[in-house]
Structure formats: structure tokens, C-alpha cells
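The structure under discussion appears below in the form of C-alpha cells.
The values are calculated or read from the model by the stated rules, or taken from the named source; none is laboratory data. Values in this document were obtained by computation on a predicted structure and should not be read as measured data. Cβ atoms come from the backbone with ideal geometry, glycine included; neighbour counts cover every protein chain shown. What goes into the accessible areas is simple: the full protein's heavy atoms, side chains included, and nothing from ligands, DNA or RNA. Shrake-Rupley method; radii C 1.70, N 1.55, O 1.52, S 1.80 Å.
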Amino acid sequence: MRSPDTRWAWVEIDQAALRKNTRAFKNLLPRGTKMMCVIKADAYGHGAIPCARIMHAAGADQFAVATVDEGVALREGGITWPVLMLSEPPVESVPLLVEHDIMPTVYTEEFALAYGEAAAAAGKVGYYHLAVDTGMNRIGLRSNEVVDFRRAIDFHRGLVCAGTFTHFATADEPRNWDFELQVKRFKDAIGYLRDAGFDPGLVHCDNTPGTVLHPELHLDMARVGVGLYGMHPCDATRGLVDLEPVMSVRARVTRELYPSVGAGVSYGCTYRVPKQNVQVATIPIGYADGLSRTLSNRMKVLCHGMRCRQAGNICMDQCMFAIDVNTNRSYHPSDEVHYGDLVTIIGRDGDEEITVDEMAELRGTINYEVTCDFGLRLQKVYV
Ligand SMILES: *Cc1c(COP(=O)(O)O)cnc(C)c1O
């Protein structure tokens with residue numbers, strides 16, 4: 001197992017799994033329907049630039065990011081495929097968008113016109129996507145506002161509407177009334193635009209759960225995010241698309257010892273060695289690496305294919321775990337952990353596996369947040 005030279009804690013990205021998941025989503029879409037791969041937040045913690053290259057080779061047509069900086073980083077990393085920013089940034093960012101050909105989402109006239117001006121001045125076309133708020137109440141225009149908005153901005157020769165989209169609040173809940181209402185409002189908005197003679201560009205609304213559960217709404221393009229990384233957005237999609245986990249989180253033991261019975265471990269001594277022959281080992285990963293402190297004394301790690309309890313409060317950059325060398329049998333020295341031994345925080349070791357979903361459940365959050373957090377500081381190794 002390759003590990004970085006500078007730190008014995010890292011994220012491992014399985015390129016074959018990412019490729020396979022991307023193809024699985026591409027195969028769900030009819031020929032001619034585009035796939036926009038969502039790589040915001042550094043590809044949900046997986047590394048946006050390498051992921052974009054793999055996804056493109058596996059069928060991605062376009063990419064989506066959350067911030068201007070994320071878009072600029074893609075361009076500076078040599079990514080030349082279409083990039084949509086999924087919200088409307090401050091008007092001050094317009095020169096950067098134009099310079100780097102990043103399509104913004106728009107919903108205010110002021111922003112749209114400033115963007116059109118800058119694009120025209122640069123001799124470029126200001127492609128944008130229009131957001132429709134159909135019920136998420138986050139961004140966009142209401143269905144009954146889209147025609148007036150287009151009337152107000154379409155005179156501008158610098159602007160071209162490349163797409164019109166909405167985002168579902170409950171695409172992961174089958175036969176949901178809020179969802180049906182959003183679908184109706186979105187279809188209304190597209191209808192109003194077409195009736196008034198406006199081209200909506202690419203019409204899109206499906207996210208990962210929508211893409212799997214609502215194929216009738218693939219329309220011109222699907223925006224796929226979490227599923228690409230091998231995670232299911234909800235139980236309903238399990239069994240409908242075969243996904244493989246992409247991220248593992250690993251570390252190596254930096255120190256081990258047998259403290260005396262009753263000895264406390266880590267800040268606050270919240271774990272005390274309960275009996276003889278309990279070994280305590282340290283790994284260099286902590287809450288600043290995405291291993292939430294709320295998991296202290298509650299999570300397990302894998303070592304030698306065994307589940308071992310994490311011990312004591314998780315520190316900013318390190319944490320400890322305990323190995324009960326008497327587990328289910330008499331003293332067994334081969335269970336002992338040594339300096340440099342491999343520890344799995346997320347992923348597989350022998351027959352045992354700790355999934356992102358297991359950790360999300362323990363943290364009281366969703367799988368999305370768990371991988372985003374691990375992406376923040378740990379070095380990524382692509383295998
Ligand atoms: C994040 C996001 C997506 C992707 O959602 P997943 O559930 O990860 O597929 C799609 N569209 C918009 C607007 C988003 O913000």
C-alpha cells in the first residue's frame with residue numbers, strides 16, 4: 001500500500017470505481033441526453049481535477065462547481081470542458097467568469113447585464129443558465145417571473161441562455177407531493193418561455209436520486225453528483241444502480257504501548273484502560289482532517305482486519321485506538337499492533353469494511369458531508 005512520504009494519513013481514491021460509477025450513470029441516460037458531473041467542493045472531497053479527467057473519459061459532457069474559485073482552479077488545472085457554476089456569484093466576479101469561460105447561473109438582471117457587458121467587451125459569448133425556484137426556496141426565479149426576466153435581458157447581444165434548470169428538494173423520496181409540485185412548476189416555466197418565443201437552452205432538473213428514480217425527467221441533461229463517488233443518496237436508489245465506493249481513508253500507526261490499567265488516554269482522559277493487555281496505538285489523523293470529534297469513543301477503525309474501538313477524545317491532528325489483545329480468546333501476540341501497521345478509517349481491510357454511510361450515521365449527518373470533510377487536508381493518493 002503506497003502512502004505519502006510526508007504524513008501517515010491519507011485518502012485513497014479508486015480510479016476504476018469512479019470510472020465504473022460514471023459509466024453506470026451514463027448508461028442510465030438515453031443517447032443524446034447530456035451528463036453534467038457535479039464536482040463542487042473538490043469533487044465531494046475526491047479531488048476535482050483528476051476526477052474530472054476520469055469522468056470525461058467515462059462519458060461526462062459538462063461539469064458543475066459551486067464557486068468561482070472552484071471554476072478558476074479547474075481552468076488553471078487544464079480542464080477545458082464546459083463548466084457551470086450552480087449559483088449566481090457577486091457581480092465583482094464577472095471579469096473572472098468571462099476570462100475563464102465559466103458559465104454562471106443567473107437570476108438577477110443586474111448580474112446578467114453586467115456579465116453580458118463584460119462578455120461582449122471581451123469579444124466572447126456570455127453563456128449562462130437560468131435558475132428556476134420551483135419549491136426548494138434557495139435560488140432562482142419563480143415560474144411566473146421567467147418570461148419577464150428574459151424580456152428584460154435578452155436584448156443584450158453579449159448574452160446567450162445555454163440552459164434553464166431547477167433543483168429538487170425531495171427527489172430522494174418516492175411519490176412525494178412536494179416533488180410533484182416542483183415538477184409541475186418547472187414544466188410550466190419551460191412552457192411559458194417557449195410560448196413567449198424564448199429558447200430555454202438545455203433543460204435540466206435531475207440530480208443523483210432524480211436520475212435514478214425519475215428517468216422521465218432526464219430531459220436534455222442530468223446533473224449527477226454523489227452517486228459518481230459510489231454513494232447512494234437514499235435507500236430507494238440501492239438495487240437500481242450498482243455503485244462502488246471510491247474513497248478510502250487510511251493511516252499508519254505512529255506509536256503503540258501497553259498503558260497500565262486505569263491510565264487515561266487523550267484530552268480529558270475520557271477513555272481509561274480497563275484491564276491488562278490492552279494496547280493503545282496512535283494514528284496521525286484528527287478532526288482537522290475530517291474525522292469529526294463527535295465520533296470520539298464511538299467509532300471503530302480496522303487494523304489487521306479486526307474492528308478496534310477508537311479510544312479517548314479525537315485530537316485536531318491525531319487520535320488513538322485500543323487493541324484488546326485478549327479478544328475472544330487468550331492472549332494472542334499476533335493481534336499486537338506495531339509501528340507502521342496499516343489502519344483503515346473508511347474502506348475495506350480483509351473481510352471487514354467501514355463505510356461512509358456507517359460513519360455518517362454515527363455522526364448524525366449524511367454521506368456527502370463525510371467525504372467533503374476528509375477532502376479538506378489529507379493528501380489524496382490515486383490508485
Ligand atoms: C449539488 C447539486 C447537484 C448534485 O446533487 P447530488 O445529490 O449529489 O447528485 C445537482 N444540482 C445542484 C443544483 C446541486 O446544488
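Can you name the condition, by its number, that GLN310 falls short on among (1) crowded, with 19+ Cβ neighbours inside 10 Å; (2) touching a residue at least 24 places away in the same chain (Cβ under 8 Å)?
(2)
Using the structure shown, decide if VAL273 is open to solvent by less than 60 Å² (accessible area, probe 1.4 Å) and in contact with a Leu (Cβ under 8 Å, 6 or more places away or on another chain).
no
Take the residues in segment 171-195 that are open to solvent by less than 40 Å² (accessible area, probe 1.4 Å) and either small (Gly, Ala, Ser) or in contact (Cβ under 8 Å) with a residue 60 or more places away in the chain (or both); name whichever of them is nearest to LEU28 (Cα to Cα). Talk me through it step by step, then tell me what you get.
Our first condition is that a residue be open to solvent by less than 40 Å² (accessible area, probe 1.4 Å); within segment 171-195, this holds for 171, 176, 179, 182-183, 186, 189-191, 193.
Okay, now just the ones that are also either small (Gly, Ala, Ser) or in contact (Cβ under 8 Å) with a residue 60 or more places away in the chain (or both), so 171, 189, 191.
Working: ALA171: 16, ALA189: 26, GLY191: 26 Å.
Taking the candidates together, the pick is ALA171.
Considering only segment 343-377, how many residues are in contact with a strand residue (DSSP E or B) (Cβ under 6 Å, 6 or more places away or on another chain) and outside any helix (DSSP H, G or I)?
Adding up the residues that qualify gives 8.
Exactly one of these conditions fails for ARG2: (1) within 13 Å of the ligand (Cβ to nearest atom); (2) surrounded by fewer than 19 Cβ atoms within 10 Å (Cβ to Cβ). Give me its number.
So the condition that ARG2 fails would be (1).
Considering each residue of segment 234-292, count those that are outside any loop (DSSP other than H, G, I, E, B), in contact (Cβ under 8 Å) with a residue 60 or more places away in the chain and closer than 19 Å to VAL11 by Cβ, and give that number.
At the first step, the residues of segment 234-292 found to be outside any loop (DSSP other than H, G, I, E, B) are 235-237, 247-252, 255-257, 264-265, 267-269, 271-272, 278-283, 287-289.
Next cut, in contact (Cβ under 8 Å) with a residue 60 or more places away in the chain only: 236-237, 247-252, 255-256, 281, 283, 288-289.
Next, from what is left, pick out any that are closer than 19 Å to VAL11 by Cβ: 247-252, 283, 288-289.
Here the count works out to 9.
Within segment 333-355, how many residues turn out to be touching a helix residue (DSSP H, G or I) at 6+ places or on another chain (Cβ under 9 Å) and open to solvent by 20 Å² or more (accessible area, probe 1.4 Å)?
1
Among the residues of segment 52-73, what is the count of those that are away from the ligand (no atom under 16 Å from the Cβ), under 17 Å from HIS100 (Cα atoms) and touching a helix residue (DSSP H, G or I) at 6+ places or on another chain (Cβ under 6 Å)?
Number of matching residues: 1.
Identify, by number, the condition in (1) under 17 Å from the mean Cα position of the chain (by Cα); (2) hydrophobic (A, V, I, L, M, F, W, C); (3) crowded, with 18+ Cβ neighbours inside 10 Å that LEU217 doesn't meet.
It fails just one condition, (1).
Hey, can you tell me all the residues within segment 25-81 that are open to solvent by 50 Å² or more (accessible area, probe 1.4 Å), within 16 Å of the chain's Cα centre (by Cα) and more than 25 Å from TRP10 (Cα to Cα)?
Within segment 25-81, THR67 is the sole residue that qualifies.
Cβ contacts < 7 Å: first residue more than 10 Å from the ligand (Cβ to nearest atom), restricted to segment 207-228; second residue open to solvent by 10 Å² or more (accessible area, probe 1.4 Å) and of a type in the set (Ser, Thr, Tyr), any location; separation 6+ or different chain. Result?
Once the first residue is more than 10 Å from the ligand (Cβ to nearest atom) and sits in segment 207-228, its partners that are open to solvent by 10 Å² or more (accessible area, probe 1.4 Å) and of a type in the set (Ser, Thr, Tyr) give HIS218/THR33; ASP220/THR33; MET221/THR33.
Pull up segment 175-200, narrow it to residues that are assigned to a loop (DSSP other than H, G, I, E, B) and within 26 Å of ARG238 (Cβ to Cβ), then point me to the one that is modelled with the lowest pLDDT. Break it down into steps so the answer makes sense when it comes.
Here is the first cut: in segment 175-200, the residues assigned to a loop (DSSP other than H, G, I, E, B) are 175-176, 196-200.
Those still in the list that are within 26 Å of ARG238 (Cβ to Cβ) too: 175-176.
Working: ARG175: 81, ASN176: 91.
That would be ARG175.
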